[in-house]
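Following: one structure in structure tokens, then a few remarks.
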């Protein structure tokens, strides 16, 4: 890293990792732990009748929640590469990240005002906040090649995920204590403690994101000096989006990796999204066990991310990801035979151990294969893969559960995602891909 000294470089890495600490609170408390349960309590038990012109249908709280996630992720996935191209050209990745961060944090803070019956308000605020969360992640990831050298990417990416798991897990643990023992804090109604917990995520996110904006440098724009008088960044963003789509055929190894990531990350995201429901329906576990296992998974994922970063230094990034995919196959096979709460706790530990490594090394592996001068643009496509990976796996899981009337069959079917991911990843030539990335 020639553009700044060793001390500043370490501070930049810490600032970059602190953003993971900041926004992971949204993933744990808003996406997974607290808000879904609170939202379900706002919606009538008999569901809602939705009317759109002559069409009408009845949906439940879980259905509305799923639709809101899909809608917000779709908007982010479509816009991410275009905004990324604009940010690369103008040298304004940090501005875009700032905008998404504090829009997301502000709408999260406003969740405090959601009370009983305000399910449409809750959904609207959540969709806006989730767009801020997902959109900001694109630009945050694009700073990885700028704060870490080629040999450091695995360790720095792993360190970022480790910060995230600890930060998100710590705040979720505080939320569980505050909500469970709300009277000890002088709060008269549990719903108030829930609303305070939700609002605190926005404060946590906005506060701990500050080190990135202060300490992480940003490369200059690609062609700022050459733009014409009537130049439009938006027009450029759209043109770069379609040109990048065409250019993927010249980055064979990058394309193979994206295809592999889309498939195997689909399996990973499905395990994460469906674990609690699987534990509830297949094993009849209580809420305390489910949330406790989630917390344990968060904290085990911290050393897991660092462990696989060390492994990547010895067997290279691709080899480390291959190891995690084999372990995922072992995990979903083990899940098929679960019969007790203790076995579910063990499953949570195994997931935590592998989760951090598979996500962190995948991010650093992708960063090694993209052109160095267009990181935000290409990380926009990485975000598309990640977002669409949240759609197909759960769909397959649901269909197999309905057709077989057994969620165990659905969980073991995820082996296919990891096997196909291994096959596609085996086609990636890392040396050739890195060389092309540097040359371009």
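Only the coordinates and a few stated rules stand behind these numbers; no lab work does. The model shown is predicted, which means the values in this text are computed figures rather than measured ones. Cβ sites come from the backbone with ideal geometry, for glycine too, and all protein chains shown count toward neighbours.
Could you give me the percent of Cα pairs per 5 Å distance bin for region 26-155, shortest bin first, beginning at zero and ending with the bin that holds the maximum distance?
P(r) for region 26-155, in whole percents per bin: 2, 10, 17, 18, 16, 13, 10, 7, 4, 2, 1, 0.
Could you work out how much longer the chain between residue 98 and residue 334 gets when fully extended? Use 0.36 nm per residue separation minus the Cα distance between them, nm to one decimal.
Net length gain for the segment: 80.7 nm.
For an R0 of 41 angstrom, estimate the FRET efficiency from the Cβ-Cβ distance between residue 207 and residue 403 and round to the nearest 0.05. Mind dumping the intermediate values first?
Working: r = 47 Å, r/R0 = 1.15.
The calculated FRET efficiency here is 0.30.
Want the number for residue 74 to residue 252: 0.36 nm per residue separation, take away the alpha-carbon distance, what's left?
61.5 nm
Using only Cα atoms, figure out Rg for region 95-187 and give it as a multiple of 2.2 N^0.38 Å.
Working: Rg = 17.2 Å, N = 93, 2.2 N^0.38 = 12.3 Å.
The value comes to 1.39.
Semi-axes, largest first, in whole Å: what does sqrt of 5 times each Cα gyration tensor eigenvalue give for region 325-373?
32, 10, 5
If you stretched the chain out fully between residue 188 and residue 118, how much longer would it get, using 0.36 nm times the residue separation minus the C-alpha to C-alpha distance?
23.2 nm
If r is the Cβ-Cβ distance from residue 326 to residue 59 and R0 is 30 Å, what FRET efficiency results, to the nearest 0.05? Spell out each step's value before the answer.
Numbers: r = 39 Å, r/R0 = 1.30.
After rounding, the FRET efficiency stands at 0.15.
If each of residue 46 and residue 218 carries a label point 7 Å out from its Cα toward its Cβ, how far apart are those two points in nm?
5.3 nm
Order by neighbour count: 67, 251, 102, fewest other Cβ atoms within 10 Å first, most last.
Working: 67 14, 251 20, 102 17.
If I rank by nearby Cβ atoms, fewest first, I get 67, 102, 251.
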